[in-house]
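Asks: Sharing a structure, written as structure tokens. Questions coming.
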Amino acid sequence: MARCTACERLREKFPEAVLAVAEFRGETTVVVDKGRLREVMTFLNRGDETLYDLLVDIAGVDTGNESPRFFVVYLLHSIKFNNRLRIKIPVAEGAALDTVSDLWKSADWMEREVYDMFGIAFSNHPDLRRILLPDDFVGHPLRKEFPLKGDDFDRPFRVCLAEEKGNQADG
Amino acid sequence: MAETRFMTVNMGPQHPATHGVLRLLLELDGEIIVKAVPDIGYLHRGIEKLAESMTYPQALTLTDRLDYTSGLSNNLAYCLAVEKLLDIAVPKRAQYLRVLMAELQRIAAHLLWVATHALDLGAMTVLFYAFRDRETILETLELVTGARLTPSFIRVGGLAADIPETFLPRVRAFVEDFPKRVDEYETLLTENIIWKKRTQGISPMSGADCINYGVTGPVLRASGVYYDVRKAYPYSSYEDFDFEIPMGTNGDVYDRYLVRLKEMRQSNRIVKQAAAKLPPGPVTAVDAPQVTPPAKEEVGKDIAALIRHFKIMEQGFTTPRGEVYASIESSKGELGFYLISDGTNKPFRMKIRPPSFINLGALSKMIEGQMVADVVAAIGSIDIVLGEIDR
């Protein structure tokens, strides 16, 4: 398979870290063990023949009830060789991933977004805060159990306001 | 030695030059920026979460509300992703019309950019001329889509409808006229000494830095890196058209301006070719009836068509299990959709790759060490839209 030399090389170099390679609609996804993330990413970023210099995006995925529960997906692009690769990392609930923000600066904000939306922490991240939601927000909205509408969605604003005032008077 | 004291200045979120609700916390040493921390999320509507509760055709309407200066481009990126998931082919006529409309939309978005960017830097005249031409484009697109900002016209499998007869003559009149209009903008700005002083050498980014920060689009190309999704992964028959990718060398605000102006000329070329070569035929995927609603006349006559109509409108369609990523070159950079399907009629996960969000991540790098007066130039030169950043 000439198209995915990168996965061949990954398999060669890290035989036990590559858990699976999937092909769908001409796109390659490599599932990589969480513990070897740093090594694999450093290899993909710095290796001479596998220079994935552009980190296109990082996406969090909540599978709902599968185990491990989350996936963190890295979309990579090589400007030199003009090809794409997707790295998928299974993450258990409550576990932390290593940051790649020192390899790609763009990962800084992307990892913050994954943290904000899924509550997946990244160790050694320089500035791990919520990015889109306010700091005092409770919960992580893209988790499957998070309700689409809040409790007060169907209640009139005046009622909510009155309750809030009542609470303040009590406190 | 006296103690050094920095002053923190809050810029935005209600500030006319931050193009929406962007807030910046600037730490200043006199007039020099020591540290800049962007604060975003004021326009967050949870589009990725909402999409999980909608069928595939319904979720299309959410994409209009990302980058609201180029709704058709967003529609296109989303439809390409869903079509890739379904593995269906779109007829050539629909592909050409998609290219035609996406390029018109790019011109409109760049016109809005040159207008507001020049206004931010004190050149007010450009706004009036650029908005005149943008208005022509919006009216032309409204003729087809029925909407100015939220078209939802590019649908999974093709287009919502074929173009009316009056459309192509108007497009041709526009493309004939437009290069002269770009010349007019250039006489106002390109050799303008004040414009050059405000933009040349301001907030430069090297090519390597741009790649490291994930920057795409005109900002990346102004730094001399050749990457355009239309050439790297041609979609919707872009390989049929003859066009160039304008490049810059210095990666400063001025080069970003030049790249965008040249891009408008190239887009104009593509529109011209698409209008000339437009093949006849259907505009919806006729061999994929599960995604294509039947024609209105059929629905009134044929019970099977009526059932199909209601099935698509009520339940949408199911997609095979799997995950795909499809992206386009929008006016801001690489706009991608990463879709995961669990085999139902709703996306299990829809991750948007918003170019503005990732480009804005490089803002701190661009302006730290620069003068506070140049912040506005830097923000303008990235061309951000908060609807896309906050989603």
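Every read-out reported here was derived from the displayed coordinates using simple, explicitly stated rules and does not represent laboratory data. In this text, all values refer to a predicted model and were calculated from it rather than measured experimentally. No Cβ is skipped: glycine too gets one built from the backbone with ideal geometry, and neighbour counts run over all protein chains shown.
Asks: Looking at region B:4-54, which of its residues are of a type in the set (Gly, Ala, Ser), surrounded by fewer than 16 Cβ atoms within 10 Å (Cβ to Cβ) and away from every other protein chain (no Cβ under 14 Å)? Break it down into steps so the answer makes sense when it comes.
Replies: So the first thing to find is which residues in region B:4-54 are of a type in the set (Gly, Ala, Ser), and the list is B:12, B:17, B:20, B:30, B:36, B:41, B:46, B:51, B:53.
Filter once more, so that each one left must be surrounded by fewer than 16 Cβ atoms within 10 Å (Cβ to Cβ): B:30, B:53.
Selection gives B:GLY30 alone.
Asks: Scan region B:262-281 for residues that are surrounded by fewer than 18 Cβ atoms within 10 Å (Cβ to Cβ) and either closer than 26 Å to B:ILE88 by Cβ or in contact (Cβ under 8 Å) with a residue 40 or more places away in the chain (or both) and jot them down.
Replies: Answer for region B:262-281, where residues must be surrounded by fewer than 18 Cβ atoms within 10 Å (Cβ to Cβ) and either closer than 26 Å to B:ILE88 by Cβ or in contact (Cβ under 8 Å) with a residue 40 or more places away in the chain (or both): B:ARG265, B:LYS277, B:LEU278, B:PRO279, B:PRO280, B:GLY281.
Asks: Can you name the residue in region A:19-36 that is of a type outside the set (Val, Ile, Thr) and in contact with a Phe, Trp or Tyr (Cβ under 9 Å, 6 or more places away or on another chain) and is also surrounded by the fewest Cβ atoms within 10 Å (Cβ to Cβ) among such residues? Spell out how you get there, then give the answer.
Replies: Let us first name the residues in region A:19-36 that are of a type outside the set (Val, Ile, Thr), namely A:19-20, A:22-27, A:33-36.
Checking the rest, the ones that are also in contact with a Phe, Trp or Tyr (Cβ under 9 Å, 6 or more places away or on another chain) come to A:27, A:33, A:36.
Numbers: A:GLU27: 18, A:ASP33: 15, A:ARG36: 17.
My answer is A:ASP33.
Asks: Just checking, does region A:5-14 include any residue being within 14 Å of chain B (Cβ to nearest Cβ) and of a type in the set (Lys, Arg)?
Replies: no
Asks: Among (1) within 8 Å of chain B (Cβ to nearest Cβ); (2) of a type in the set (A, V, I, L, M, F, W, C); (3) not in a helix (DSSP H, G or I), there is one condition A:LEU128 misses while meeting the rest; what is its number?
Replies: It fails just one condition, (1).
Asks: Then there is this: Among the residues of region B:9-63, what is the count of those that are without any contact (Cβ under 8 Å) to a residue 40 or more places away in the chain and assigned to a strand (DSSP E or B)?
Replies: Final tally of qualifying residues: 6.
Asks: Can you tell which of A:ALA59, A:ALA22 is among the aliphatic types (A, V, I, L, M), under 24 Å from B:PRO355 (Cα atoms), part of a strand (DSSP E or B) and within 10 Å of chain B (Cβ to nearest Cβ)? Break it down stepwise before answering.
Replies: Details: A:ALA22 fails: under 24 Å from B:PRO355 (Cα atoms).
Unique residue meeting the criteria: A:ALA59.
Asks: Given the criteria within 14 Å of chain A (Cβ to nearest Cβ) and surrounded by fewer than 16 Cβ atoms within 10 Å (Cβ to Cβ), does B:TYR226 qualify?
Replies: On the way: within 14 Å of chain A (Cβ to nearest Cβ): yes; surrounded by fewer than 16 Cβ atoms within 10 Å (Cβ to Cβ): yes.
Against the criterion (within 14 Å of chain A (Cβ to nearest Cβ) and surrounded by fewer than 16 Cβ atoms within 10 Å (Cβ to Cβ)), B:TYR226 qualifies.
Asks: If you check A:TRP104 against the conditions, is it out of contact with any Cys (no Cβ under 6 Å at 6 or more places or on another chain), assigned to a helix (DSSP H, G or I) and facing chain B (nearest Cβ under 8 Å)?
Replies: Details: out of contact with any Cys (no Cβ under 6 Å at 6 or more places or on another chain): yes; assigned to a helix (DSSP H, G or I): no; facing chain B (nearest Cβ under 8 Å): yes.
Here the answer is no, as A:TRP104 does not meet what is asked.
Asks: Let me ask you something else. Considering only residues that are among the aliphatic types (A, V, I, L, M) and farther than 20 Å from B:GLY380 by Cα, which ones fall in region B:212-252?
Replies: Keep residues of region B:212-252 that are among the aliphatic types (A, V, I, L, M), which gives B:215, B:219-220, B:222, B:225, B:229, B:232, B:245, B:247.
Passing the criteria: B:VAL225, B:VAL229, B:ALA232, B:ILE245.
Asks: Is it the case, given these coordinates, that B:ALA123 is buried (at least 20 other Cβ atoms within 10 Å of the Cβ) and more than 27 Å from B:SER237 (Cα to Cα)? Break it down into steps so the answer makes sense when it comes.
Replies: Working: buried (at least 20 other Cβ atoms within 10 Å of the Cβ): no; more than 27 Å from B:SER237 (Cα to Cα): yes.
For B:ALA123, the condition - buried (at least 20 other Cβ atoms within 10 Å of the Cβ) and more than 27 Å from B:SER237 (Cα to Cα) - is not met.
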